[in-house]
Amino acid sequence: MSAGGAVADLVWDACLGKGLPPEAERQLELAGLAYQDDVAAEEHLRAARAAAPEHIAVEIGWYRFFFYKGRLAEALEVAQRCLAWGARELGLAPDWREVRAQDASFGDWGAVLPRFYLFTLKGYAYLLMRLGELEPGREALEKLRELDRDDKLGGEVLIKVLDRGGRDDDD
């Protein structure tokens with residue numbers, strides 16, 4: 001689940017924002033407006049969770065908050081919850097290590113939930129790497145490679161970074 005851009009907005013519009021109660025949506029908007037004030041932003045995120053405790057859009061709000069604040073360990077916890085949510089929604093094994101390419105339409109770029117799962121797995125791997133957990137990060141990237149056979153998410157780039165030990169090509 002890397003933060004960002006038009007793809008994240010497309011995923012939100014297509015699926016993940018469906019059924020979000022108006023109060024939760026309002027609280028998420030207020031959290032965004034209060035971004036510079038951690039205490040206020042977290043209060044709004046908690047209120048969003050209270051209004052929609054099982055809605056993935058609230059988890060995405062928490063993820064973005066923690067990620068952009070550099071609170072990567074907390075973002076990793078949210079990524080794990082998002083992976084679990086995606087697995088439940090898709091009927092996948094709860095442990096991402098047990099998921100196989102044939103378990104969902106991972107190659108169908110129009111299939112929103114499988115794509116969300118792949119984005120989340122990539123974000124999870126990236127966070128592990130940033131937190132110094134290189135081997136678990138590599139394991140998650142290898143799973144991403146298995147599921148995203150056409151490398152539409154660019155997981156190969158992160159694997160190459162690991163292979164180079166974080167060094168630039170010129171080093």
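Pick out the one residue from GLY91, GLY86 that is of a type outside the set (A, V, I, L, M, F, W, C) and farther than 21 Å from LEU158 by Cβ. Please lay out each step first, then the result.
On the way: GLY86 fails: farther than 21 Å from LEU158 by Cβ.
The match here is GLY91.
One line per residue, one yes/no per condition, for (1) modelled with pLDDT of 95 or more; (2) more than 19 Å from ALA73 (Cα to Cα); (3) under 15 Å from the mean Cα position of the chain (by Cα):
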{"site": "GLU98", "(1), (2), (3)": "yes, yes, no"}
{"site": "ALA104", "(1), (2), (3)": "yes, yes, no"}
{"site": "GLY110", "(1), (2), (3)": "no, yes, no"}
{"site": "TYR117", "(1), (2), (3)": "yes, yes, yes"}
{"site": "GLY123", "(1), (2), (3)": "yes, no, yes"}
{"site": "LEU162", "(1), (2), (3)": "no, yes, no"}
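Pick out the one residue from ARG130, ARG138 that is buried (at least 17 other Cβ atoms within 10 Å of the Cβ) and on the phi < 0 side of the Ramachandran plot. Walk me through it before giving the result.
Values: ARG130 fails: buried (at least 17 other Cβ atoms within 10 Å of the Cβ).
ARG138 is the lone residue from the list that is buried (at least 17 other Cβ atoms within 10 Å of the Cβ) and on the phi < 0 side of the Ramachandran plot.
Please list, ordered by first then second residue, the pairs with beta carbon atoms under 9 Å, 6 or more apart or interchain, first in segment 81-93 and under 12 Å from ARG115 (Cα atoms) and among the basic types (Lys, Arg), second open to solvent by less than 40 Å² (accessible area, probe 1.4 Å) and assigned to a helix (DSSP H, G or I).
Short answer, once both residue conditions are applied: none.
So, ARG64, is that one part of a helix (DSSP H, G or I), in contact (Cβ under 8 Å) with a residue 60 or more places away in the chain and open to solvent by 70 Å² or more (accessible area, probe 1.4 Å) or not?
Judged against the criteria, ARG64 is a match.
Looking at GLU77 and the list (1) open to solvent by 10 Å² or more (accessible area, probe 1.4 Å); (2) modelled with pLDDT of 95 or more; (3) more than 12 Å from the chain's Cα centre (by Cα); (4) farther than 22 Å from SER105 by Cα, which single condition is not satisfied?
(3) is the only condition that GLU77 fails.
Identify all residues within segment 39-61 that are open to solvent by 60 Å² or more (accessible area, probe 1.4 Å) and either in a helix (DSSP H, G or I) or under 23 Å from ARG130 (Cβ atoms) (or both); write none if there are none. Let's see the steps before the verdict.
Step one: filter segment 39-61 for residues open to solvent by 60 Å² or more (accessible area, probe 1.4 Å), giving 39, 43, 46, 49-50, 53-54.
Within segment 39-61, VAL39, GLU43, ARG46, ARG49, ALA50 qualify.
The values are calculated or read from the model by the stated rules, or taken from the named source; none is laboratory data. Predicted model only: the values in this text are computed from it and were never measured. Neighbour counts are summed over all protein chains in view; Cβ atoms, including those assigned to glycine, are modelled from backbone coordinates with ideal geometry. When the accessible area is computed, the model is the full protein with side chains, heavy atoms only, and any ligands, DNA or RNA have been set aside. Shrake-Rupley method; radii C 1.70, N 1.55, O 1.52, S 1.80 Å.
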